[in-house]
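*Asks:* Structure provided below as structure tokens; questions to follow.
The values are calculated or read from the model by the stated rules, or taken from the named source; none is laboratory data. Everything numeric here is computed off the predicted structure, so don't read it as measured data. Note that we place each Cβ from the backbone using ideal geometry, even for glycine, and neighbour counts take in every protein chain shown.
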Amino acid sequence: MSNKRVLVTGARGQLGRELLAARFPAAEIVGLDRHQCDIENRGQLAQVFRRFRPNAVINAAAYTAVDRAELEAARAFQANATGVHNVAEEARAIGARLVHVSTDYVFDGTESSPYAPDARPSPLGVYGSSKLAGETAFLASGVNGVVVRTAWLYSGSGKNFLRTILVMLGSGRDLRIVSDQIGTPTSAAELGSVLLHCALDSSLNGVVHWTNAGTCSWYDFAVAIRDLAKDRSITTGEVRIIPIRTEDYPSVARRPAYSVLDSSLLWSIYGQPNHWRDALANVLDRAVGGNVAGNSHTVVGE
């Protein structure tokens, strides 16, 4: 057995599942869901960390409902700020390294070139504000570790843009998708591999960025999903996708018009990533294949 143990919170979310499925022989990966490890419950968290004594923790637990957060601000801050504070303090208490996942939505989208990790955050809504508060709590704790911001995360499971579009394509009705918000779709599987390396890389600290390469709009992303899914006989591809403006799409929360992240530091360390379109093709190929083969891992309670 490896002498390194990485504990993953939020193990049943889309990112948590990809972390557990990753091929990563350098460590034993242990996953805990919210019932087994609620990051908002400081006492439970302390008991879990002392039981498993991980060398590193990857916090994949979060409140991610962007629109609903506007109506549930207290709940969003409890998970994304208080919860992160708890994880950071308890990881520091046992000497574990911590990798925390944050978001491009900490920026307001008024720039026209990729946001560097040290760019000034200015979130537009509750979700981004709660995630920024979590970053602040992480940095204030003094825990050894790194905040990794990412963007437009998706996978073949869970609730995300890819899955939503695939379901909508099956309806046979035309889709109207926003074309004036620009970012980078990021594969949860490919991000997961990077996070595991960050978990054991003690040279990394502070705030960094990682996404796949390239940029597009939500409209471009939806068209690529349709076309690549048709190529793989996942859908028929007969549905029209119509570009619309943000102002024509009903939404509770404001979203950044441009939230491309400068990921050059981690790209230089871990290698140039796949272009977002190639990463999407890989995810759809896995969906056709039926499941993901990975190294052995543990989901406690399963």
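*Asks:* Select, from S187, S179, the only residue that is among the polar types (S, T, N, Q) and closer than 30 Å to S141 by Cα.
*Replies:* Within the list S187, S179, the selection yields S187.
*Asks:* I'd like the full set of residues that are in contact with a Ser or Thr (Cβ under 7 Å, 6 or more places away or on another chain) and more than 21 Å from L200 (Cα to Cα), limited to the range 21-62.
*Replies:* Across the range 21-62, the qualifying residues are C37, I39, E40.
*Asks:* Further question on the same structure: Can you tell me which of D33, D104, D108 is buried (at least 24 other Cβ atoms within 10 Å of the Cβ), of a type in the set (D, E) and in contact (Cβ under 8 Å) with a residue 24 or more places away in the chain?
*Replies:* D104
*Asks:* Can you tell me which residue in the range 118-142 is surrounded by the fewest Cβ atoms within 10 Å (Cβ to Cβ), limited to those that are within 14 Å of H209 (Cβ to Cβ) and more than 16 Å from the chain's Cα centre (by Cα)?
*Replies:* Ranking the candidates gives D118 first.
*Asks:* Follow-up. It is to be established whether one or more residues within the range 7-22 are among the hydrophobic types (A, V, I, L, M, F, W, C), in contact with a Leu (Cβ under 8 Å, 6 or more places away or on another chain), modelled with pLDDT under 95 and in a loop (DSSP other than H, G, I, E, B).
*Replies:* yes
*Asks:* Also, I was wondering about something else. Quickly run through the range 23-58 and pick out the residues that are in a loop (DSSP other than H, G, I, E, B) and closer than 18 Å to N86 by Cα.
*Replies:* D33, R34, H35, Q36, C37, D38, I39, E40, N41, R53, P54, N55
*Asks:* Tell me yes or no: at least one residue of the range 264-274 is in contact with a helix residue (DSSP H, G or I) (Cβ under 7 Å, 6 or more places away or on another chain) and closer than 30 Å to R68 by Cα.
*Replies:* no
*Asks:* Quick one: which residue in R75, R163, R97 is basic (K, R), surrounded by 16 or more Cβ atoms within 10 Å (Cβ to Cβ) and closer than 30 Å to R226 by Cα?
*Replies:* After ruling out the rest, the residue left standing is R163.
*Asks:* Scan the range 135-172 for residues that are over 25 Å from D285 (Cα atoms) and among the charged types (D, E, K, R) and jot them down.
*Replies:* Those that are over 25 Å from D285 (Cα atoms) and among the charged types (D, E, K, R): E135, R149.
*Asks:* Quick test for you: out of R232, R226, pick the one residue that is within 20 Å of A287 (Cβ to Cβ), touching a Leu at 6+ places or on another chain (Cβ under 7 Å) and surrounded by fewer than 16 Cβ atoms within 10 Å (Cβ to Cβ).
*Replies:* R232
*Asks:* So in the range 264-276, with the set limited to residues that are buried (at least 19 other Cβ atoms within 10 Å of the Cβ) and out of contact with any Pro (no Cβ under 7 Å at 6 or more places or on another chain), which one is farthest from I182 (Cα to Cα)?
*Replies:* Filtering the range 264-276 for residues that are buried (at least 19 other Cβ atoms within 10 Å of the Cβ) and out of contact with any Pro (no Cβ under 7 Å at 6 or more places or on another chain), the one farthest from I182 (Cα to Cα) comes out as L266.
*Asks:* Using beta carbons and a limit of 9 Å, which pairs, at least six apart or on different chains, have the first residue in the range 204-221 and within 11 Å of H100 (Cα to Cα) and the second one among the basic types (K, R)?
*Replies:* Close Cβ pairs (under 9 Å, with a partner that is among the basic types (K, R)) amount to V207/R149; V208/R149.
*Asks:* Now for a different question. Within the set of pairs 6+ apart or on separate chains, which have a first residue in the range 244-263 that is buried (at least 22 other Cβ atoms within 10 Å of the Cβ), a second that is among the hydrophobic types (A, V, I, L, M, F, W, C) and assigned to a strand (DSSP E or B), and C-beta atoms under 7 Å apart?
*Replies:* Hits for this filter: V260/I182.
*Asks:* Here's something else I'd like to know. Among the residues of the range 226-252, count how many are over 17 Å from M168 (Cβ atoms), in contact with a helix residue (DSSP H, G or I) (Cβ under 9 Å, 6 or more places away or on another chain) and at pLDDT 95 or above.
*Replies:* 0
*Asks:* Could you list all residues from the range 59-78 that are farther than 18 Å from A253 by Cα and either over 18 Å from the mean Cα position of the chain (by Cα) or in a helix (DSSP H, G or I) (or both)?
*Replies:* Q78
*Asks:* Sort out which residues of the range 103-146 are closer than 21 Å to D180 by Cα, of a type in the set (V, I, T) and outside any helix (DSSP H, G or I), and write them in order of number.
*Replies:* Across the range 103-146, the qualifying residues are T103, T110.
*Asks:* Find the residue count for the range 271-291, including only residues that are closer than 17 Å to T150 by Cβ and not in a helix (DSSP H, G or I).
*Replies:* Total satisfying the criteria: 5.
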